[in-house]
Amino acid sequence: MSVVFESRFSFTSERRKGERRRQSRASASTAIVPREERQTVGAAAVENPRIRCMDVNVYYGSKQAIKNVSLDIGSHEIVAMIGPSGCGKSTFLRCLNRMNDTIDNCRVTGDIFLDGQNINEQSIDVVPLRAKVGMVFQKPNPFPKSIYENIAFGPRIHGLAQDKTDLDEIVATSLQSAGLWNEVKDQLDQPGTSLSGGQQQRLCIARAIAVNPEVILMDEPCSALDPIATAVIENLMIELCAEYSIVIVTHSMQQAARVSHRTAYFHLGDLIEVGATEHVFMRPMHQLTEDYITGRFG
Ligand SMILES: Nc1ncnc2c1ncn2[C@@H]1O[C@H](COP(=O)(O)OP(=O)(O)OP(=O)(O)O)[C@@H](O)[C@H]1O
Ligand SMILES: [Mg+2]
């Protein structure tokens, strides 16, 4: 597993680096993959994947939004999905816990294995699946309940607590894992919606953690937060990946560079390139990736 690396991404310096990359590539005669090529370049597969996606297609009616995407999510890794608006990041993310089932006229094909089981089989019960593969959305969405009940709800319906003491323990440890306990321990009966945006997002992360997930999906989890709350969530993600796999969709390349181990670049429904984050940002192999990270596209 690669380590999180410090990236202080700047478009101008990246452009200059892009020029240098082209020159050094020319001299090393390793050609960049041309824009027209749509086969995924890079290492889409990992050893011992937590999730393995094979030939996934998604259609909204007759419109194809995801085209034959194969991608693994490893254990204890953070995978960032980047790409221009409308390229299919959220659509693909929703495949990983069958959330596209909730969208009329959305059809998913292909195989997605979680711990060796194909979650696209009709017989799969999506309720435990969505506990195993939890989701945090762009806009924090606490239930209209107390802080305590926001966390206790899932463990209760999944039968994870024997009694009240057990449930109290799950609530406390989930809030601790989400880095929120010290801020809320004396106001557990207050509404979840009374918290700040950043606290609400951590409450939603605690809610996902409370039902023992294996994977946490995050769709632009910081886009409604200020830089301080964003930094808190990013640090939390880095801590949480010791226990969980995390897939994050982000429009911030700085964020992808700061937190992720691998980065996947999507373009018009195709997975164009995937690889170690530092490679994707510093030495992209596909022209479309380079266009995007240097600010020439999207
Ligand atoms: N519910 C839907 N019904 C029909 N088409 C949809 C639906 N949701 C998404 N699409 C289409 O599928 C494509 C991919 O959309 P998606 O929301 O996955 O993109 P995205 O990469 O997450 O974009 P953004 O960065 O703006 O969030 C787009 O062309 C979009 O218009
Ligand atoms: Mg989206």
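By the count of other C-beta atoms within 10 Å, a proxy for reagent exposure, Y244, Y60, Y265 are ordered fewest to most as Y60, Y244, Y265.
Using DSSP, restrict attention to beta bridges with both residues in the chain and report what percent are antiparallel, rounded to the nearest 5.
55 percent
Approximating the spin labels as points 7 Å out from Cα along Cα→Cβ, the A172-to-A231 distance works out to 3.0 nm.
A cut-off of 5 Å between modelled amide H atoms, ignoring neighbours fewer than 5 places along the same chain, links S146 with G192. Any idea which of S174, G42, S146 is furthest toward the positive side of the dipole for the chain, if Lys and Arg beta-carbons carry +1 and Asp and Glu beta-carbons -1? The one lying farthest along the dipole's positive direction is G42. Which angle between 0 and 90 degrees, to the nearest 10, do you get for helix 197-209 versus the longest principal axis of the chain when only C-alpha atoms count? Between the helix axis and the principal axis of the chain, the angle is about 80 degrees. Ordered by the number of other Cβ atoms lying within 10 Å of each residue's own Cβ, fewest first, S123, S194 fall into the sequence S123, S194.
For I246, the residues 5 or more places off, or on other chains, whose built amide H falls under 5 Å of its own are E77, I78, V79, I216. For the chain, adding -39500 (n - 2.57) for each run of n ≥ 4 DSSP H residues and dividing by the number of residues yields -10500 deg cm²/dmol at 222 nm.
On the beta carbon distance between D55 and I157, with R0 = 35 Å, the FRET formula returns roughly 0.55. Arranged from fewest to most other beta-carbon atoms within 10 Å of their beta carbon, E273, E220, E239 become E239, E220, E273.
Sequentially through the stretch 118-126, phi angles give Karplus couplings (6.51, -1.76, 1.60; θ = phi - 60°) of 6, 6, 7, 5, 4, 6, 5, 7, 6 Hz, Gly and Pro residues having no value and appearing as x. By the gyration tensor of its Cα atoms, with a ≥ b ≥ c the square roots of the eigenvalues, what is the shape of the chain: rounded for a/c under 1.5, prolate for a/b over b/c, or oblate? Here the chain falls in the prolate category. Summarising the label geometry, the points placed 7 Å from Cα in the beta-carbon direction at I103 and D115 lie 2.7 nm from one another. Judged by the gyration tensor of its Cα atoms, with axes a ≥ b ≥ c, the stretch 158-220 is oblate; a/c meets the 1.5 cut and b/c is at least as large as a/b.
Listed values for the stretch 257-270 are Karplus-derived 3J(HN,Hα) couplings in whole Hz (6.51 cos²θ - 1.76 cosθ + 1.60, θ = phi - 60°), namely 5, 6, 10, 9, 8, 10, 10, 10, 9, 9, 8, 6, x, 9, and x replaces Gly and Pro.
As a length-normalised measure over Cα pairs under 8 Å and 6 or more apart, the relative contact order of the stretch 34-283 settles at 30 percent. In straight Cα distance, which lysines are under 24 Å from K185, not counting same-chain residues fewer than 8 positions off? Partners within reach: K139, K145, K164.
With +1 on each Lys and Arg Cβ and -1 on each Asp and Glu Cβ, and nothing else charged, work out how big the dipole of the chain is about its Cα centre, in Debye to the nearest 20. The calculated dipole for the chain is roughly 1140 debye. Restrict the search to the stretch 33-142; then list the GluC sites (Glu not before Pro) that DSSP places in a loop and that have at most 10 other Cβ atoms within 10 Å of their Cβ. Sparse-neighbourhood loop GluC sites (Glu not before Pro): E36, E47, E121. Springs between Cα atoms under 10 Å define the GNM used for the chain, and in it the highest mean-square fluctuation of Q39, Q122, Q201 occurs at Q122.
Every number here is computed from the coordinates shown, using simple stated rules; none is lab data. Since this is a predicted model, take the numbers as computed values, not measurements. Cβ coordinates were reconstructed from backbone atoms using ideal geometry, including for glycine residues, and neighbour counts include every protein chain displayed.
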